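Take a look at the following structure, please.
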Amino acid sequence: MAINEPSLDELLDKAESRYALVVMAAKRARVLTERSNAGVIQENEKPVSSALRQIAQGKIRVKRLPPSGRK
């Protein structure tokens, strides 16, 4: 994967905002890192790159929860 792939425009189509994209990628990268450390998966790609690629491919989506009623 090249440094500019997937493109930011392609990724932003999958998320509501840059903030949501960053949170989604960080959470997925953490899961990939935990699985890698546990020996469940073996990847040569860095976890953040893998997370961004999975988001661009539509394998990872955000599930929005209803507001919790905080004031």
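What follows is calculated from the coordinates using simple rules that are stated; it is not laboratory data. Just so you know, these numbers come straight off a predicted model, no measurement behind them. Glycine also receives a Cβ, built like all others from the backbone with ideal geometry; neighbour counts cover every protein chain displayed.
Please compute the net charge surrounding Ser50, taking Lys and Arg as +1 and Asp and Glu as -1 over other residues with Cβ under 10 Å from its Cβ. Mind showing how you got there, number by number?
On the way: positive: Arg28, Lys46, Arg53; negative: Glu43, Glu45.
With Lys, Arg at +1 and Asp, Glu at -1, the net is +1.
Let me ask you something else. Just the projected area, averaged over all directions, of the convex hull on the alpha carbon atoms of the chain: how many nm²?
For the chain, the mean projected area of the Cα convex hull comes to 6.0 nm².
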